[in-house]
């Protein structure tokens, strides 16, 4: 974060009521400046290709490109934004995904707005932040890394495979997944086969049911 300016924030949020409430609070608060906003991940990524905010605030499961996919590419930048994921539904599978990509914060939208703003300020100054219910789900492994306290339901899948699973379970075709994730159709098909094999799932309907049971799809 630059020391002589307000924290520059980009928001990816598909839910209009929450987006308007948070945007208004950010504008009124003297610590932040909203430099860009989008309602889906595809539009958000187009903006991020040409902008480098201090903070990226994203719904954990927006339409289009996933913030988990974005983070893999953003981390390669010389000055990547710090990433805050927000959700109204707390599910272990998505918390685990956030930990895998070393998210800077995972916050519940149900927190009071002043609490969210204070958390964002701390994240902008280098801290990691997790809402109290999220903290209750976490533990540390032997290396000191944050992990889920309970056994992961998706531990046998790679990060990329979990993202492909989410896209397929949401009803996207192999061609659409390949386009969204910048992969070949052959690669997506190969991952799809291995995912189903590892999960002992035999068709797309079972795949969608599995993803919903594990909280990978947020309504």
Completion exercise
Residues of region 23-42 being over 14 Å from the mean Cα position of the chain (by Cα), in contact (Cβ under 8 Å) with a residue 24 or more places away in the chain and part of a helix (DSSP H, G or I), in sequence order, are 25, 26
Problem - Residue check for residue 179: outside the structural domain of residue 64 (by TED's automatic domain parsing), more than 17 Å from residue 105 (Cβ to Cβ), surrounded by fewer than 17 Cβ atoms within 10 Å (Cβ to Cβ) and in contact (Cβ under 8 Å) with a residue 24 or more places away in the chain - result: no
Completion exercise
Across (1) over 30 Å from residue 26 (Cβ atoms); (2) free of Cβ contacts under 8 Å to residues at least 40 places away in the same chain, residue 118 clears everything bar (1)
Practice task
Assess whether residue 17 counts as being loosely packed, with under 14 Cβ neighbours inside 10 Å and either free of Cβ contacts under 8 Å to residues at least 40 places away in the same chain or over 14 Å from the mean Cα position of the chain (by Cα) (or both).
Solution key: yes
Completion exercise
Matching residues in region 75-101 (in a loop (DSSP other than H, G, I, E, B) and crowded, with 23+ Cβ neighbours inside 10 Å) number 1
Practice task
For residue 151, state whether it is in a loop (DSSP other than H, G, I, E, B), over 17 Å from residue 68 (Cβ atoms) and at pLDDT 95 or above.
Solution key: no
Practice task
Kindly establish whether residue 208 is outside the structural domain of residue 98 (by TED's automatic domain parsing), at pLDDT below 85 and touching a helix residue (DSSP H, G or I) at 6+ places or on another chain (Cβ under 6 Å).
Solution key: yes
Problem - Hits in region 49-74 (condition: in a loop (DSSP other than H, G, I, E, B) and in contact (Cβ under 8 Å) with a residue 24 or more places away in the chain) - result: 51, 52, 53, 54, 60, 61, 62, 63, 64, 65, 66
Exercise for the section: Return only the number of the condition from (1) loosely packed, with under 15 Cβ neighbours inside 10 Å; (2) part of a helix (DSSP H, G or I); (3) at pLDDT below 90 that residue 186 does not satisfy. Expected result: (3)
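The values are calculated or read from the model by the stated rules, or taken from the named source; none is laboratory data. Everything numeric in this text was worked out from a predicted model, so none of it was measured. Counting neighbours? That spans all protein chains shown, and the Cβs are built from the backbone with ideal geometry, glycine included.
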